[in-house]
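As structure tokens, the structure follows; a few thoughts come after it.
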Amino acid sequence: MKSWPQVYIPPIESSFDFPQLRLYNTASQSIEELPRKNLYQMYVCGITPYDATHLGHAATYTTFDLINRFLRASGARVDFVQNITDIDDPLFERAKRDNVDWSDLATSQIELFRGDMVDLHIIPPKDYIGVVEAIPIIIDSISKIREAAPTYSVESDLYFDVHSDSNFGKRSHLSKEEMIEIFAERGGDPSREGKRNPLDALLWLHQRDGEPGWESPYGKGRPGWHIECSAIAMHYLSRDTDSQFSIDIQGGGKDLIFPHHEMSAAQSKAISGKEFARSYVHTGMIGLDGEKMSKSKGNLLFVSKMVNEGISPMAIRLALISQHYSADRMWTQSVLDDAVVLLEKISIALSREEVAPTKTVINEIIGALSNNLDTSGALDALSTWCDKTLEGSVGGEAGELSRAIDSLLGIAI
Ligand code: ZN
């Protein structure tokens with residue numbers, strides 16, 4: 001599927017020293033340093049296109065964009081792949097509710113999403129892959145899983161025995177009871193009769209009335225949610241043959257930790273024989289004015305709507321990174337107002353003829369980001385530099401800092 005236009009990334013002088021990036025890995029429950037590599041592989045789960053980009057999505061994609069930018073600025077290359085879950089229950093349900101064709105709904109929302117990503121200055125993935133276009137790859141992956149691990153049918157629907165993966169559960173750290181409860185809440189079917197284990201994952205669903213179906217060796221139907229990402233990630237990302245992991249980073253919002261990332265990882269491991277990701281990185285949830293933001297509450301804030309109302313996308317981006325990515329955090333008018341003020345301050349300081357020394361603040365920004373993306377530390381350093389400049393400090397080079405904050409933070413002034 002067409003991605004969105006490439007983002008210009010200004011070069012950073014090679015004289016800056018980049019410490020290795022340290023990130024919190026959900027699987028090990030600790031902050032780990034990524035090894036030094038020339039090429040990193042990153043897979044970030046994409047949207048289900050029944051709604052455009054809300055602030056929770058924007059926060060997630062901005063976070064992985066920061067990782068992408070940091071690794072590139074440090075001199076490495078990043079293979080970045082993202083999917084679009086354009087075959088899934090919520091999409092079909094919304095299309096039915098609104099009496100529209102599901103693929104028309106998906107197409108319109110994907111177009112909005114692309115525009116939002118451009119506005120937010122997100123580097124596009126190398127491959128942006130819809131499930132519809134990946135059906136042959138998914139069928140092939142299911143065949144590989146069937147050769148390597150136990151699968152079985154329940155009324156013509158095909159299931160994967162998740163416990164064939166000895167690491168099942170070790171990425172998400174939940175009790176069996178918690179897994180079953182969350183699985184039921186997030187689209188799973190733990191109580192379906194005929195399943196050998198309540199947590200077994202659906203690989204292929206036999207075609208239902210009113211739903212699309214594709215021919216396969218397992219009958220006409222459609223893939224389950226988790227196999228979609230396993231197949232797309234394993235097919236489109238280059239794989240590091242020397243590594244004990246298939247890819248470096250599996251990313252998404254923390255609501256994907258279970259079941260989605262646990263099950264995708266177990267299936268990917270069945271395909272390759274190796275642990276799927278070196279690091280499972282998850283972003284916190286965004287609330288609104290003290291409440292959880294959710295479609296059921298009807299209080300989702302959409303990026304496209306905010307931009308149409310005249311809010312600067314750079315202010316939205318700055319506001320989203322003003323607090324730590326892994327924390328559940330609140331979006332309020334004051335968070336946005338503070339970002340608007342800081343953006344203005346940076347712009348005024350950078351336009352001065354003489355500015356405070358810039359090498360130190362760039363090193364501080366790099367250092368903060370390397371420390372599990374401490375964006376508030378990076379922005380504090382930037383704000384302090386602005387104050388010094390506005391107080392008359394001299395000796396820096398505005399262009400150098402302007403390029404660095406564009407390259408590293410994705411903030412283009
Ligand atoms: Zn996914």
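Observations on the model:
- Debye-formula intensities of the range 127-177, expressed as log10 I(q)/I(0) at q = 0.23 Å⁻¹, are -0.98 (one equal scatterer per alpha-carbon, no solvent).
- Residues listed by number, the range 369-413, amide nitrogen under 17 Å from residue 353 label point at 7 Å toward C-beta: 389-399
- GNM result for the chain, Cα springs below 10 Å: residue of 180, 67, 123 fluctuating most strongly: 180
- Label-to-label distance, residue 304 versus residue 96, with points set 7 angstrom from Cα along the beta-carbon direction: 2.4 nm.
- Whether the range 1-155 is rounded, prolate or oblate, judged on the alpha carbon gyration tensor where a/c under 1.5 counts as rounded: oblate
- Across the range 216-257, the residues whose backbone nitrogen lies under 18 Å from the label position 7 Å along the beta-carbon direction of residue 103 are 216, 220-223.
- The mean sequence distance of close C-alpha pairs (under 8 Å, at least 6 residues apart), as a share of the length of the chain, puts its relative contact order at 22 percent.
- Oblate is the label for the range 22-287, because a/c, from the alpha-carbon gyration tensor with a ≥ b ≥ c as root eigenvalues, is 1.5 or above and a/b does not exceed b/c.
- Accessible-area composition of the range 22-287, carbon plus sulfur, in percent [1.4 Å probe]: 45 percent
- Residue list for the range 38-74, given a label point 7 angstrom along the Cα-to-Cβ vector of residue 254 and an amide N cut-off under 16 Å: 56-57, 59-61, 63-64
- Kirkwood Rh and Cα Rg combined as Rg/Rh, the range 355-409: 0.96
- Remark: accessible surface ordering of 322, 166 (largest first) is 166, 322, probe radius 1.4 Å.
- Each residue of the range 386-396 is assigned a 3J(HN,Hα), and the resulting list reads 4, 4, 4, 4, 5, 8, x, 5, 10, x, x Hz, derived from the Karplus form 6.51 cos²θ - 1.76 cosθ + 1.60 (θ = phi - 60°), x at Gly and Pro.
- Annotation: amide H-H contacts under 5 Å for residue 25 (H modelled 1.01 Å from N, sequence separation of 5 or more, or interchain): 30, 31, 32.
- Per residue, the solvent-accessible area of the chain (1.4 Å probe, heavy atoms of protein chains only, all protein chains present) comes to 41 Å².
- Residue among 210, 396, 221 with the largest mean-square fluctuation in a Gaussian network model of the chain, springs linking Cα atoms under 10 Å: 210
- Taken over the range 92-144, the convex hull of the Cα atoms encloses 107 Å³ per residue.
- Count Lys and Arg as plus one, Asp and Glu as minus one, and take only other residues whose Cβ is under 11 Å from that of residue 266; the net charge is then -2.
- 3J(HN,Hα) along the range 242-252, derived from phi through the Karplus expression 6.51 cos²θ - 1.76 cosθ + 1.60 where θ = phi - 60°, amounts to 7, 8, 7, 10, 6, 9, 8, 10, 10, x, x Hz, with x in place of Gly and Pro.
- The range 220-362 shape via C-alpha gyration tensor axes, a/c threshold 1.5: oblate
- In sequence order, the range 162-167 has phi-based couplings of 5, 7, 5, 8, 5, 8 Hz under the Karplus curve 6.51 cos²θ - 1.76 cosθ + 1.60, θ = phi - 60°, and Gly or Pro positions carry x.
- The range 299-409, accessible surface, carbon-and-sulfur percent (1.4 angstrom probe): 51 percent
- Rounded D (µm²/s) - the range 299-409, Kirkwood Rh over Cα pairs, Stokes-Einstein at 20 °C, 1.002 mPa s: 146 µm²/s
- The range 142-243: radius of gyration and largest Cα-Cα distance (Dmax), Å: 14.6, 46
- Sequence-distant residues sharing a close amide H with residue 40 (under 5 Å, placed H): 77, 78, 79
- Rolling a 1.4 Å probe over the protein chains gives residue 331 an accessible area of about 10 Å².
- Stretching residue 148 away from residue 394 to a fully extended chain increases their span by 82.1 nm, per 0.36 nm per residue minus the current alpha-carbon distance.
The values are calculated or read from the model by the stated rules, or taken from the named source; none is laboratory data. What you see is a predicted model, and the numbers here were worked out from it, not measured in a lab. Positions of Cβ are generated from backbone atoms using ideal geometry, with glycine treated the same way; all protein chains shown enter the neighbour counts. In case anyone asks, the SASA skips ligands and DNA or RNA and just uses the protein heavy atoms, side chains included. Shrake-Rupley method; radii C 1.70, N 1.55, O 1.52, S 1.80 Å.
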